[in-house]
1. Of all the residues that make up the stretch 61-80, how many are in contact (Cβ under 8 Å) with a residue 24 or more places away in the chain and surrounded by fewer than 18 Cβ atoms within 10 Å (Cβ to Cβ)?
2. State which residue is least open to solvent (accessible area, probe 1.4 Å) when the search covers only the stretch 104-119 and only residues that are outside any loop (DSSP other than H, G, I, E, B) and in contact (Cβ under 8 Å) with a residue 24 or more places away in the chain.
3. Sort out which residues of the stretch 272-309 are part of a helix (DSSP H, G or I) and among the β-branched types (Val, Ile, Thr), and write them in order of number.
4. Quick test for you: out of Arg252, Arg307, pick the one residue that is within 18 Å of Glu97 (Cβ to Cβ), charged (D, E, K, R) and surrounded by 15 or more Cβ atoms within 10 Å (Cβ to Cβ).
5. Among the residues of the stretch 87-100, is any open to solvent by less than 70 Å² (accessible area, probe 1.4 Å), in a loop (DSSP other than H, G, I, E, B) and farther than 18 Å from Glu296 by Cβ?
6. Assuming Leu237 fulfils every condition listed in (1) open to solvent by 60 Å² or more (accessible area, probe 1.4 Å); (2) in contact with a Cys (Cβ under 7 Å, 6 or more places away or on another chain) apart from one, which condition is it?
Amino acid sequence: MKSAFIRLALTVRRGLKTIANAIIGWIAIALLQVIRRGDRVRFANAGGAFLRRAGPWLRKHRVGRANLAAAFPDKTAAEIEQILGGVWDNLGRFAVEIAFLDRMRVRPDDHAPDGYYDQAALDHFEQIRSKPVPTAFFTAHLANWEISALAAARLGVDLSVLYRAPNVRAISDAVLKMRAGCMGTLIASRFDAPLRLAGILQRGRHVGMLVDQHDHRGVDVTFFGRTCKASPLLAQLARHTDCQVRGVRIVRLADGNHFRGEVTAPLVLPRDAEGLVDMQATMQAVTSVIEGWVREHPEQWLWLHRRWR
């Protein structure tokens, strides 16, 4: 009797979750459609202002506060709250900007561009396009991180991007539809993704991925003086395909609605005694680059997730 009741409760719970996801998806799609009809800057300003006020009431705010206090022990409580205000503002703007992603103007010859790359970054992209050397790009949850893949594709880089779909199916389908055609080839984060990415690199093309989240199966790296786990996938790809590894980041400018993109030179990858790419040391090198980016603009990184566990 007890087991039958538990099964019934689980069935009801799954049913309620399905219904809730459907409702959330319907609301999200309706909002996306409304936002896309309006002005991006006006909606982004409103989204940033809303989350700046609402964010401190959410549980994630406590996670962000604890992360920042550990990462910056010399900062006062007021300074930490100021950074967190910027984090929520950035996230509110990002949520709105997703609706306009396929309309973003990032090419140097675009009229009134939404973002730009300086000449050094454009030179890096030209090197990538002109030389048959595959490249694995890494980036982090900074500013509007989606623009990094958008810009690479718009600037002529044959790019395949690893992505994790949102949990709500309707939202996932809508976002995927907006990404398709403007961000290169999209590779879902599934069991076969590493093989697909390796095959792409072996054919002389390029891949991109976010590398700044917790992976319980990952290698140990140090980030802001504390040990955390990083996925070794980027290093594994470099080890098995001998591709270049470059960082790419987006910086939100002072007006909150425009962006600057940067691309690093190829990293000199650490090697083991056999001359192969050292996976742990490589991921530490990548993590150190990301830490430098975050230190420059801490209010633009996603402190709200549990990076250290």
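1. The initial filter retains those residues of the stretch 61-80 that are in contact (Cβ under 8 Å) with a residue 24 or more places away in the chain, namely 61, 63-64, 67-68, 70-72.
When the remaining residues are screened for being surrounded by fewer than 18 Cβ atoms within 10 Å (Cβ to Cβ), the result is 63, 70, 72.
Adding up the residues that qualify gives 3.
2. Narrowing the stretch 104-119 to residues outside any loop (DSSP other than H, G, I, E, B): 115-117, 119.
Checking the rest, the ones that are also in contact (Cβ under 8 Å) with a residue 24 or more places away in the chain come to 115-117.
On the way: Gly115: 8, Tyr116: 104, Tyr117: 24 Å².
Top of the filtered list is Gly115.
3. Taking the stretch 272-309 and keeping what is part of a helix (DSSP H, G or I), we get 279-296, 298-300.
Across the stretch 272-309, the qualifying residues are Thr282, Val286, Thr287, Val289, Ile290, Val294.
4. Details: Arg307 fails: within 18 Å of Glu97 (Cβ to Cβ).
Matching residue, one of Arg252, Arg307: Arg252.
5. So in the stretch 87-100, the residues open to solvent by less than 70 Å² (accessible area, probe 1.4 Å) come out as 87-100.
Now drop any that are not in a loop (DSSP other than H, G, I, E, B), which leaves none.
Taking every residue of the stretch 87-100 in turn, none turns out to be open to solvent by less than 70 Å² (accessible area, probe 1.4 Å), in a loop (DSSP other than H, G, I, E, B) and farther than 18 Å from Glu296 by Cβ.
6. All conditions are met except number (1).
Residue by residue, here is whether (1) farther than 15 Å from Asp212 by Cα; (2) in contact with a Pro (Cβ under 7 Å, 6 or more places away or on another chain); (3) not β-branched (Val, Ile, Thr) holds:
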position	(1), (2), (3)
Thr241	yes, yes, no
Val251	yes, no, no
Asn257	yes, no, yes
Arg260	yes, no, yes
Asp278	yes, yes, yes
Ala285	no, yes, yes
Glu291	no, no, yes
Trp308	no, no, yes
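The values are calculated or read from the model by the stated rules, or taken from the named source; none is laboratory data. Please read all numbers here as calculations on a predicted model, not as lab measurements. All Cβ positions, even for glycine, are placed from backbone atoms using ideal geometry, and neighbour counts span all protein chains on display. For accessibility, only protein heavy atoms count, side chains too; no ligands or nucleic acids. Shrake-Rupley method; radii C 1.70, N 1.55, O 1.52, S 1.80 Å.
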